[in-house]
Structure formats: structure tokens, C-alpha cells
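Peer 1: Sharing a structure below in C-alpha cells format, with a few things to ask.
No value in this document is a laboratory result; all are computed from the given coordinates. This is a predicted model, so every value here is computed, not measured. Counting neighbours? That spans all protein chains shown, and the Cβs are built from the backbone with ideal geometry, glycine included.
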Amino acid sequence: MKFILNYIRKDTWSPYVAGILLGVVGILAVWLSDSLLGASGAFENIAGMIGKAVSPKLFDNVYFNFIMPPGFTYGVMLLIGVFFGGMIGAATSGTLKWGKKDSANSDEQWKRIFGPQTWKRWVLAFVGAIILEYAAGIAGGCTSGLAISGGMLLAPAAFLFIAGMFASGILTALIIYRERY
Amino acid sequence: MANFVIALFLGAFFGFSLNKAGLTKYNKIVNVFRFTDMAVLQFMMTALVVAMSGLYALRGLGLITFPNIPATYVVGNIVGGLIFGVGMALTGY
């Protein structure tokens, strides 16, 4: 029992143990609620909700009417859970920080590559997130919703997606890091 | 309603496992593309293997039916994956 408690308090688990936990969560999601662990879809549901309220004309298209209908869906609830789950994870390992300015950019590797400015990190995170969400819309899911949830049902789409993701991820990392790769 | 409560709990465990595997950190995500830290792949593949063997076993026992599997449209999936990789290596999502 003490061993388990101590393990929970550890900052970084073995990825295999954490992977088993996620695998069990994936099984339970299908078993208990007949749905997959999608994360990126929730953002589109919320974006659709906001968009329909702000400019209904612009959002009156096939994508937001049929493929990603706006509304407070299962995925949105899941995303809220992910947020608090991540916080609980950080709290149990004692790395949860409140409102510290440098805690937004405490990654040593990031600072070495892009410089110490925090605003740079915000800008890059914002731009990168737009790219991510757009790509997830094209592919029909993100790492969790397509690669992991689709992969565990042996959907061909998931493995095509993983192949594309790693091909361009490696290339992008090569371009960013160049001789430091 | 019950479904939403389940979603909240499953999401919490999902976030918890991501946090504990270190996937909420920029360097973990980027280093998998530099082949210096394979935690992301180890985590993803373990989750995949556990979930797929569990799901197929449960389906074999007749306890569950599969939800709609993500649609395959080759060009969309690959192009989406290619763009996704750029964003992933940039932000460390």
C-alpha cells in the first residue's frame, strides 16, 4: 500500500505503467459509454457554439452542421476531466504552481532553442495549436481521438495518421533544431 | 447525465496518466522526434496494446459492441497527419 502511495507521488511514472492506465481508460470508455477518447473534437464543439452565436451565417456550413455539431457534448465533459486530471497529477507530485510568471516557461530545452522570452512561447503555442486543430479537423481526430482510440479498434485511419504525424514531426524537429538535432 | 459523469471521471484519469507519463511537457514530445526520449511512443503503444487486447477480448465475449470506428479516407488521414506533426513538433502538445 505504501509502495503504491509513494509511486503516485512520483513526478514521472514509467511510460509503460501510465500507458496501461490509459489503455484501461480507453476500454472503459467504450464499455461504459460506447464512445472514444476524443479531445480535439470538443474544441470544435465549443468553437461551433461560440461561432453560431456570434455569426450564424459564417458557421452555417456542412462542417459545423453535420460533421461537428456544436453543443455541450461528451467530449467537452471529457476535456474538463482531462484538465482536472492533469492538475491532480501535478498536485500529487508537488509540481502544481499557482500564478508564477516563469512557470509558464520553465522548460530548459525550450529556452535553449527559442530563447528565454515568455511571450515567444505563448505565440508559438497559439500558432501551433491552430495548426494542430486544423489538421485534426482534416484527419478526423487528434493523437488521442484518432491515433490511440482508432488504433485500439484497429482502424486503418489511425495508422495512416500516425505515419504522417511522425514523418512531418521528425522533419519539423530537424528544421527547428538543425545542427543541435 | 450519467454519461457525463462517466466522461468526467474517465477524462480525469486520462489527464492523470498523461501528466504522470510526462506528456504535458514540451521536451518529452519534441524529443521523441529527435529519437532521444521515446516515452511518448512507449506510452502510446502500451495504451494501444492494452486497450486493443482488452476490447477485442470483451467483444469476443459478447460484452460490448464497437462504436463507429474513425472513417478511413486515405488522403485526408495522411495530409491531416502531416500537418498535425508540424504543430506537434512546434508546440509540444
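Peer 1: For the protein assembly as shown, what is the calculated [θ] at 222 nm in deg cm²/dmol (nearest 500), taking -39500 (n - 2.57) for each run of four or more DSSP H residues and dividing by its residue count?
Peer 2: On the way: 11 runs with 180 residues, N = 274.
Value at 222 nm, helices only: -22000 deg cm²/dmol.
Peer 1: Oh, and also: Just to confirm my numbers, what's the Cα centroid distance between region A:127-151 and region B:73-90 in Å?
Peer 2: 8 Å
Peer 1: Next question, about the same structure. For all pairs of alpha-carbon atoms in region A:1-96, what percent lies in each bin of width 10 Å, listed from the first bin to the last filled one?
Peer 2: 14, 32, 28, 17, 8, 1
Peer 1: Let me make sure I get this right: for chain B, a, b and c are the square roots of the gyration tensor eigenvalues over alpha carbons, sorted descending. Under 1.5 in a/c it's rounded, otherwise prolate if a/b > b/c, else oblate. Which is it? Walk me through the intermediate numbers first.
Peer 2: Numbers: a/c = 1.81, a/b = 1.42, b/c = 1.27.
Cα axes put chain B in the prolate bin.
Peer 1: On to the next question. Compare A:74, A:63, A:134 in a GNM of chain A, Cα atoms joined below 10 Å, and give the one with the largest fluctuation.
Peer 2: The residue with the greatest mean-square fluctuation here is A:63.
Peer 1: Highest GNM mean-square fluctuation, chain B, Cα pairs closer than 10 Å: which of B:65, B:36, B:46?
Peer 2: Of the options given, B:65 has the highest mean-square fluctuation.
Peer 1: Right, something else. I need the trypsin sites (Lys or Arg not before Pro) found in region A:60-169, filtered to DSSP loop residues with at most 11 other beta carbons within 10 Å of theirs. Walk me through the intermediate numbers first.
Peer 2: Working: sites: A:97, A:100, A:101, A:111, A:112, A:120, A:121; in loops: A:97, A:100.
Passing sites in region A:60-169 are A:97, A:100.
Peer 1: Quick check: from the Cα gyration tensor, does the protein assembly as shown come out rounded (a/c under 1.5), prolate or oblate? Present the calculation step by step, with values, prior to reporting the outcome.
Peer 2: On the way: a/c = 1.34, a/b = 1.10, b/c = 1.22.
Cα axes put the protein assembly as shown in the rounded bin.
Peer 1: Could I ask something else about it? For each of B:16, B:66, A:126, count neighbouring Cβ atoms within 10 Å of the residue's Cβ, then give the residues from fewest to most.
Peer 2: On the way: B:16 26, B:66 16, A:126 10.
With the sparsest Cβ surroundings first, the list reads A:126, B:66, B:16.
Peer 1: Please identify, among B:27, B:68, B:19, the residue showing maximal mean-square fluctuation in a Gaussian network model of chain B using a 10 angstrom Cα cutoff.
Peer 2: B:68
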